[in-house]
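K.L.:
Please see the structure below; I have some questions.
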Amino acid sequence: MGAVARIQLPLRPAGPDTVAALLDWYDGEKRDLPWRVKAGEPIDPYRIWISEVMLQQTTVKAVIPYYLSFLERWPDVFCLAEAKLDDVLTAWAGLGYYSRARSLHKCAKVLAGELDGRFPQSESELVALPGIGPYTAAAIAAIAFQEPTTPVDGNIERVVARLFALSTPLPTAKAELRRLAATMTPQKRPGDFAQAMMDLGAGVCTPKRPSCMVCPLRGDCHGYAKGIADTLPKRLAKPVRPVRRGMAFLALREDGHVLLRRRPEAGLLGGMYEVPSTDWDQEWPVEDEALGMAPVKGEWWLVPGMVVHTFTHFKLELLVYRTLVAADAAVTLWANSERCRWVNRNKISQFALPSVMNKVISHALKEH
Ligand code: SF4
C-alpha cells in the first residue's frame, strides 16, 4: 500500500451489498478447517466451542493438531466432563493460557450435569456459563445457532477498522468496532458472515501488506480508498513488560528421574507441573540463600545461560541449577514434598508442563 490517496471510487457505507460480496467470496474461498462441517451436515456447538477457545491467542496452524487429538480423546461434552482435569491440562500443554483449559473443563461439567449436555442457543445464555466470554458466546451463537451476532476478535477488528477507516486507537476503539461490526451482521447466514470475516482477516486483510487487489470488499473499503489501510488499526503504545527473575532447580536422579512439583491450583499456571524454583521477583534471589532452599540436598551447579519466557504481563528470566542425586534422595521441606514427584525423564510429556518449564528442562539437560 502506498501513501497516495485513491479517491476515485464512489464509496458506499458497508451494507447489504458489502455483506453479499463477502459471502460470495466465502462460498468460493473458505478455508477447509477440521471444525467446519460440509454443506448439509449439522453443526456441533461442542466443536465450535473447543476450536474457538483453542484459537484465542494461537494460530490456526498451531491449533489443528491439538484440536484433532482433543476431539479424538473427548468427542463430546459428556466425555470432557468425565475427564480428569490433569489429563485436560496435559492435552492443553503447549497452547498456553491454561486457565482456558480449566474453564473448559468446569463448563463441560455444568453442561453435562445441569443442562443434559445441551448448549444454550443464545449469546446471552452462553455468556452466563463459566469460562465462556463475550467473544466465544457470540461465535457459538452465530456459527452453531445462526443468531445474528458477530464475534469480534483481532482479525475482525482489523478488517472493520480498515473498512470504516476508523483511526481511534485500540483498545479505546474496541466498543466502536464491535458496534460497526454489528451494523454489518446480516439476519441470514450470520455464522457464515462471522467465519468469512475471520477468513478475510487471516488471509487477505492481513496485518502487514493486505491483499486489497483480491479483496471482495475493496469497493467499499474507506481505508483502501484513503491509502491508509496498512496503518490501521492504530494502537496505543503498549506499556513495557516488567521483568521477574528467579532460580529453578532441576534434580536428576541416577535412575533417570527428574523432580517435578505441582503448582497451587489458584494463580498463574495453576495446577500445572513445574521444575521447583524460587519465587519470581523483580530482583535476582541471593544465590547462597536460594541454594539453601534447593529441593534436594546435593551439589548444585549453574547451567550456563538462562531461560527467558514472555508471559502476557511480564517477562521471566530464570537461572537454572542442576544436580545429580542418588535414587533414594529425599525432597526437602522447602520444596513441599507432598506436591513433588519423581518422573521418568522419558515420560515428562505425560505431565501438564507449561512451555516455560519445558524450556527449563531442555536447557538443564542439554550438554554444555
Ligand atoms: Fe482489508 Fe484491503 Fe480489503 Fe480493505 S480492501 S478490507 S484494507 S484487504
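K.L.:
Filter the helices (runs of 4 or more DSSP H) completely within region 74-127 down to those with at least 3 residues that are aliphatic (A, V, I, L, M), free of Cβ contacts under 8 Å to residues at least 40 places away in the same chain and over 19 Å from GLN350 (Cβ atoms).
P.N.:
99-114
K.L.:
Please find, among THR183, THR172, the residue that is assigned to a helix (DSSP H, G or I), closer than 20 Å to ASP153 by Cβ and open to solvent by 50 Å² or more (accessible area, probe 1.4 Å).
P.N.:
Sole residue among the options that is assigned to a helix (DSSP H, G or I), closer than 20 Å to ASP153 by Cβ and open to solvent by 50 Å² or more (accessible area, probe 1.4 Å): THR183.
K.L.:
Filter region 132-153 down to the residues that are touching a residue at least 60 places away in the same chain (Cβ under 8 Å) and either farther than 14 Å from ALA182 by Cβ or part of a helix (DSSP H, G or I) (or both) and list them by number.
P.N.:
ILE132, TYR135, THR136, ALA139, ILE140, ILE143, ALA144, PHE145, ASP153
K.L.:
Right, another one. Specify which of the listed residues (GLU367, GLU274, GLU338, GLU287) is open to solvent by 20 Å² or more (accessible area, probe 1.4 Å), among the acidic types (Asp, Glu) and in contact (Cβ under 8 Å) with a residue 12 or more places away in the chain.
P.N.:
From the options GLU367, GLU274, GLU338, GLU287, the qualifying one is GLU287.
K.L.:
Tally the residues that are under 30 Å from VAL303 (Cα atoms) and β-branched (Val, Ile, Thr), restricting the search to region 210-264.
P.N.:
The total comes to 3.
K.L.:
Next question. Please go through region 192-210 and pick out each residue that is more than 6 Å from the ligand (Cβ to nearest atom), in a loop (DSSP other than H, G, I, E, B) and in contact with a helix residue (DSSP H, G or I) (Cβ under 8 Å, 6 or more places away or on another chain).
P.N.:
Selection gives PRO207, LYS208, ARG209.
K.L.:
So, ASP153, is that one at positive phi and either charged (D, E, K, R) or crowded, with 21+ Cβ neighbours inside 10 Å (or both) or not?
P.N.:
In short, no.
K.L.:
While we're looking at this one, here's another question. Is it true that some residue in region 303-310 is touching a residue at least 40 places away in the same chain (Cβ under 8 Å) and more than 21 Å from SER362 (Cα to Cα)?
P.N.:
No, there is no match, as no residue in region 303-310 is touching a residue at least 40 places away in the same chain (Cβ under 8 Å) and more than 21 Å from SER362 (Cα to Cα).
K.L.:
Sticking with this one: Right, LEU232: within 14 Å of the ligand (Cβ to nearest atom), open to solvent by less than 30 Å² (accessible area, probe 1.4 Å) and within 24 Å of the chain's Cα centre (by Cα) or not?
P.N.:
Judged against the criteria, LEU232 is a match.
The values are calculated or read from the model by the stated rules, or taken from the named source; none is laboratory data. From a predicted model like this one, the values you see are computed outputs, not experimental measurements. Virtual Cβ from ideal backbone geometry, glycine too; neighbours counted across all protein chains shown. Just so you know, the surface numbers come from the protein's heavy atoms only, side chains and all, with ligands and any DNA or RNA stripped out. Shrake-Rupley method; radii C 1.70, N 1.55, O 1.52, S 1.80 Å.
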